[in-house]
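Participant: Sharing a structure below in structure tokens format, with a few things to ask.
The values are calculated or read from the model by the stated rules, or taken from the named source; none is laboratory data. It should be emphasised that the depicted structure is a prediction, and the values quoted were computed from it without experimental measurement. Every residue, glycine as well, gets a Cβ built from its backbone with ideal geometry; the counts of neighbours run over all protein chains shown. Just the protein is used for accessible areas: all its heavy atoms, side chains included, with ligands, DNA and RNA removed. Shrake-Rupley method; radii C 1.70, N 1.55, O 1.52, S 1.80 Å.
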Amino acid sequence: MSKIWLSLAHMGGSEQEFVREAFETNWVVPLGPNVDGFEHDLSQWLSTHCDQEVHAVALSSGTAAIHLALIMLGVSKGDEVICQSFTFAASANPICYQGATPIFVDSEPDTWNMDPILLEQAICDRMKQTGLKPKAILPVHLYGTPARMNEICDIASRYGIPVVEDAAEAMGAVYDGRYCGTFGQYGIFSFNGNKMITTSGGGALLCHTEEEAQRVKFYATQAREPFPWYQHEQIGYNYRLSNVSAGIGRGQMRVVDNHIAHRRAIHRLYTELLAGLPGITVVEPKKSTIFLPNYWLTTIKVDSNETSFSALQLMQHLAKADIETRPLWKPLHLQPVFSSSPTYVNGVSEALFNCGLCLPSGSMMTCEDVMRVADTIRSMR
Ligand SMILES: *Cc1c(COP(=O)(O)O)cnc(C)c1O
């Protein structure tokens, strides 16, 4: 029996044609026709579930996309940015690149994402403490479950604070009929090897105007001014996606909807197979038509009062059967590197971190693979 991985890159078949074309035409450079084509495909695809204009800019990573979004919003030294605590460190690191301070806000139990009530408390308290409004709000759609964007965007617009939406894990997740990543002033995707689609490494910044997209491309290519010589009036970055990587992305866009459907099917199958198992809950948001997660990773909660084993012990048990699982993201307010950041917590993310586990969920998994994982969980005593 072969190893079952958490989430593997999954090629659709046409990626190599685009990559070969890049080689044959010698576009083995940053930029080129695949980059334009990939951006076009992404923007078209997004426009099917968004009633606003969307312009995707292809970048070297999701982290770079967050960084450029903050730069576009003028986040700089001494500013504060409100960030969801329950997420991967890459959500908050770019805040620090800018010399700003992340302010961590805990999650609400239903979506595991930014708690709107705590968010508003945090905004009011920061304004009281510093006399300044936070410069941006950064919610995350963790594991592909949409955050409560209606509430978050209402609060954001009431206080006049822009939203940067970290949809790195949420490509294809829908909230209120609209794709995650298209709600904020800026949204970001990641195309790292384990995300919904991959370019081997890459990301995108989603903007709502052509002018913003042009400005992002300017910063992403060393802020080079339109002169015959290399003229620079601002600090720039080397953050564009390569034409070879974008070729992989174009191939992946042909199968993205299959990938999303497959991950949702895996979640349904886990839910069926693990039903009735005492102390194990397959997680999904409260039944409501407003949330349509992509189930990037299926997650479970282990109630050790009922199971007599912990999530970490279950992880070790599965590892012995050659099945890769992973603890949930450790909340950033508990990470040593962010220990000096102000935090607004309610205990939700810490409790989830202590009892949760991510199950293998890649779009290459077969029904038999999912059954093997479920059987191995059932065999744990
Ligand atoms: C993967 C991820 C990122 C970073 O994306 P990269 O492409 O790896 O830089 C940011 N935020 C979240 C929530 C992620 O899961």
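Participant: Can you report the principal axis dimensions of the range 115-223 using only the alpha carbons, biggest first, rounded to whole angstrom?
Facilitator: Principal-axis extents of the Cα atoms in the range 115-223, largest first: 44, 34, 22 Å.
Participant: Turning to a different aspect of this structure: By the gyration tensor of its Cα atoms, with a ≥ b ≥ c the square roots of the eigenvalues, what is the shape of the range 233-283: rounded for a/c under 1.5, prolate for a/b over b/c, or oblate?
Facilitator: Note, shape of the range 233-283 comes out oblate.
Participant: Next question, about the same structure. Stretched out fully, how many nm does the piece from ASP154 to THR130 gain, at 0.36 nm a residue minus the Cα gap?
Facilitator: Between ASP154 and THR130, full extension yields an extra 6.4 nm.
Participant: Quick check for you: with a 1.4 Å probe and neighbouring chains kept, what is the accessible area per residue of the range 15-255, in Å²?
Facilitator: Heavy-atom accessible area per residue stands at 38 Å².
Participant: Quick one: of the DSSP bridges fully inside the range 146-231, what percent are antiparallel, nearest 5?
Facilitator: Counting only bridges with both partners in the range 146-231, antiparallel ones make up about 70 percent.
Participant: Does the range 260-319 come out rounded, prolate or oblate, given a ≥ b ≥ c as the square roots of the eigenvalues of its C-alpha gyration tensor, rounded meaning a/c under 1.5 and, failing that, prolate meaning a/b above b/c? Could you put the intermediate results ahead of the total?
Facilitator: Values: a/c = 2.36, a/b = 1.73, b/c = 1.37.
It is prolate, given that a/c is not under 1.5 and a/b is the larger ratio.
Participant: Percent of accessible area on the range 15-255 owned by carbon and sulfur, 1.4 Å probe?
Facilitator: That fraction is 51 percent.
Participant: Next question. Could you give me D for the chain, from Stokes-Einstein at 4 °C and 1.567 mPa s, where the hydrodynamic radius is the Kirkwood radius over C-alpha pairs? Units µm² s⁻¹, please.
Facilitator: 61
Participant: Just to confirm a number: summing +1 for Lys and Arg and -1 for Asp and Glu over residues other than GLN98 whose beta-carbon lies under 13 angstrom from that of GLN98, what do you get?
Facilitator: Here the count lands on 0.
Participant: So which lysines can LYS77 reach, going by Cα to Cα under 18 Å and dropping same-chain residues fewer than 8 places off?
Facilitator: LYS133, LYS135
Participant: Something else about it: Based on Cα coordinates alone, diagonalise the gyration tensor for the range 257-378, multiply each eigenvalue by 5, take square roots, and list the semi-axes in whole Å, largest first.
Facilitator: Numbers: eigenvalues 126, 71, 43 Å².
For the range 257-378, the ellipsoid semi-axes come out as 25, 19, 15 Å.
Participant: Please report how far the C-alpha centroid of the range 12-61 lies from that of the range 150-189, rounded to the nearest whole angstrom.
Facilitator: For the range 12-61 versus the range 150-189, the Cα centre distance is 23 Å.
Participant: Follow-up. For the chain, what is the percent of antiparallel DSSP beta bridges, rounded to the nearest 5?
Facilitator: Around 65 percent of the beta bridges assigned by DSSP in the chain are antiparallel ones.
Participant: Something else now. Would you mind telling me the antiparallel percentage of the DSSP bridges in the range 43-161, rounded to 5?
Facilitator: So the antiparallel bridges in the range 43-161 amount to around 10 percent.
Participant: For the range 257-378, what does the accessible surface come to per residue with a 1.4 Å probe? Please give it in Å². Don't jump to the answer; show the numbers that get you there.
Facilitator: On the way: 5740 Å² over 122 residues.
In whole numbers, the range 257-378 has 47 Å² accessible per residue.
Participant: Now for a different question. In deg cm²/dmol, rounded to 500, what helix-only [θ] at 222 nm does the chain give when every DSSP H run of at least 4 residues adds -39500 (n - 2.57) and the total is split over its residues?
Facilitator: -11000 deg cm²/dmol
Participant: Then there's this: Roughly what would the spin-label model give for CYS96 and ARG378, points 7 Å off Cα along C-beta, in nm?
Facilitator: Using points 7 Å along Cα→Cβ, the separation is 4.5 nm.
Participant: In addition: Just report the Cα centroid separation between the range 279-295 and the range 208-254, whole Å.
Facilitator: 37
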